[in-house]
Amino acid sequence: MIKKISSFVLVLSLAVAFGAGCNKNKSQDQTDTGLENKGIFASIKDAFDKSIAVRCDYTDDDGGETITYIKNKRIYLESEPQGTADGKTVIIHGLVRDDKMYIWGDENDKGIIFDFTTISGEPPKMGGKEIHGTQDIIDKLEEKKDKCKTESIGDDKFELPSKIEFVSF
């Protein structure tokens, strides 16, 4: 029972983290040109499919920050949600690869795996949208592609941590 509650707290934190990265407000210093006019890539799907290394930085209205990295058909997310119940700031990590989503927090030695090919329970949510596969994540990130830029990213960013035990959710 405690394991399920801890898993639920981690999933809830992920929902907050993903929501942080996907609000619809733009900062005043942004332009509406997007990446198309920069000639780099036309969309997040384009970057994903062509294995272009991309970094996207988001901040929500409450100050929570999320960084998303895309490279070699993998997506890594790192989020620092604001306002955790115990007052601590915990970094939540997510890695999407091979049609699976791995989620873990800095303060835990256990993480969660969502296998999108066999998910039977409630799927994770990203900004209120249910995520049933990698394409759903790409579609959600597409809404904020104007906050993305190409960047040199090491392959180690997309490796699972050896100290975390992952359990299916």
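Taking only region 86-104 into account, find how many residues are outside any strand (DSSP E or B) and either among the acidic types (Asp, Glu) or touching a residue at least 40 places away in the same chain (Cβ under 8 Å) (or both).
Of region 86-104, the ones outside any strand (DSSP E or B) are 86-91, 98-99.
When the remaining residues are screened for being either among the acidic types (Asp, Glu) or touching a residue at least 40 places away in the same chain (Cβ under 8 Å) (or both), the result is 86, 90, 98-99.
Matching residues across region 86-104 total 4.
Taking GLU107 as the residue in question, decide whether it is assigned to a loop (DSSP other than H, G, I, E, B), more than 13 Å from the chain's Cα centre (by Cα) and either surrounded by 18 or more Cβ atoms within 10 Å (Cβ to Cβ) or free of Cβ contacts under 8 Å to residues at least 12 places away in the same chain (or both). Explain how you work it out, then say what you get.
Values: assigned to a loop (DSSP other than H, G, I, E, B): yes; more than 13 Å from the chain's Cα centre (by Cα): yes; either surrounded by 18 or more Cβ atoms within 10 Å (Cβ to Cβ) or free of Cβ contacts under 8 Å to residues at least 12 places away in the same chain (or both): no.
Against the criterion (assigned to a loop (DSSP other than H, G, I, E, B), more than 13 Å from the chain's Cα centre (by Cα) and either surrounded by 18 or more Cβ atoms within 10 Å (Cβ to Cβ) or free of Cβ contacts under 8 Å to residues at least 12 places away in the same chain (or both)), GLU107 does not qualify.
Can we say GLY105 is small (Gly, Ala, Ser) and at pLDDT 80 or above? Before the answer, list the steps.
Numbers: small (Gly, Ala, Ser): yes; at pLDDT 80 or above: yes.
When the stated conditions are applied, GLY105 passes them.
Restricting attention to region 84-134, which residues are of a type in the set (Lys, Arg) and more than 14 Å from ARG74 (Cβ to Cβ)? Let's see the steps before the verdict.
Step one: of region 84-134, the residues of a type in the set (Lys, Arg) are 88, 97, 100, 110, 125, 129.
Result: LYS88, LYS110, LYS125, LYS129.
From the set of residues in region 41-66 that are among the basic types (Lys, Arg) and under 15 Å from LYS144 (Cα atoms), which is surrounded by the fewest Cβ atoms within 10 Å (Cβ to Cβ)? First the steps, then the outcome.
Looking only at region 41-66, we keep the residues that are among the basic types (Lys, Arg), and these are 45, 50, 55.
Applying the additional criterion that residues be under 15 Å from LYS144 (Cα atoms) yields 45, 55.
On the way: LYS45: 15, ARG55: 18.
That would be LYS45.
Scan region 86-144 residue by residue and report those that are hydroxyl-bearing (Ser, Thr, Tyr) and farther than 21 Å from LYS45 by Cβ. Break it down into steps so the answer makes sense when it comes.
Here is the first cut: in region 86-144, the residues hydroxyl-bearing (Ser, Thr, Tyr) are 89, 102, 117-118, 120, 134.
Correct list: THR89, TYR102, THR118, SER120.
Could you check, for region 37-44, whether at least one of its residues is at pLDDT 85 or above and closer than 20 Å to LYS100 by Cα?
Within region 37-44 (the criterion being at pLDDT 85 or above and closer than 20 Å to LYS100 by Cα), the answer is yes, since at least one residue qualifies.
Given the structure, is LYS144 touching a residue at least 40 places away in the same chain (Cβ under 8 Å) and within 12 Å of the chain's Cα centre (by Cα)?
Numbers: touching a residue at least 40 places away in the same chain (Cβ under 8 Å): yes; within 12 Å of the chain's Cα centre (by Cα): no.
No, not satisfied.
Could you list all residues from region 53-65 that are assigned to a loop (DSSP other than H, G, I, E, B) and either within 17 Å of the chain's Cα centre (by Cα) or modelled with pLDDT under 50 (or both)? Full working, then the answer.
Residues of region 53-65 assigned to a loop (DSSP other than H, G, I, E, B): 53, 60-64.
Within region 53-65, ALA53, ASP60, GLY63, GLY64 qualify.
Could you please let me know if LEU160 is surrounded by 13 or more Cβ atoms within 10 Å (Cβ to Cβ) and in a loop (DSSP other than H, G, I, E, B)? Spell out how you get there, then give the answer.
On the way: surrounded by 13 or more Cβ atoms within 10 Å (Cβ to Cβ): yes; in a loop (DSSP other than H, G, I, E, B): yes.
When the stated conditions are applied, LEU160 passes them.
Conditions tested, residue by residue: (1) among the small types (Gly, Ala, Ser); (2) more than 14 Å from the chain's Cα centre (by Cα); (3) loosely packed, with under 15 Cβ neighbours inside 10 Å; (4) on the phi < 0 side of the Ramachandran plot.
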residue	(1), (2), (3), (4)
THR68	no, no, no, yes
LYS88	no, yes, yes, yes
ILE92	no, no, no, yes
LEU95	no, no, no, yes
ILE131	no, no, no, yes
ILE138	no, no, no, yes
GLU151	no, yes, yes, yes
ASP155	no, yes, yes, yes
SER168	yes, yes, yes, yes
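The values are calculated or read from the model by the stated rules, or taken from the named source; none is laboratory data. No experiment lies behind these values; they were computed from the predicted model shown. Heads up, the Cβs are rebuilt from the backbone with ideal geometry, glycines too, and the neighbour counts pull from every protein chain shown.
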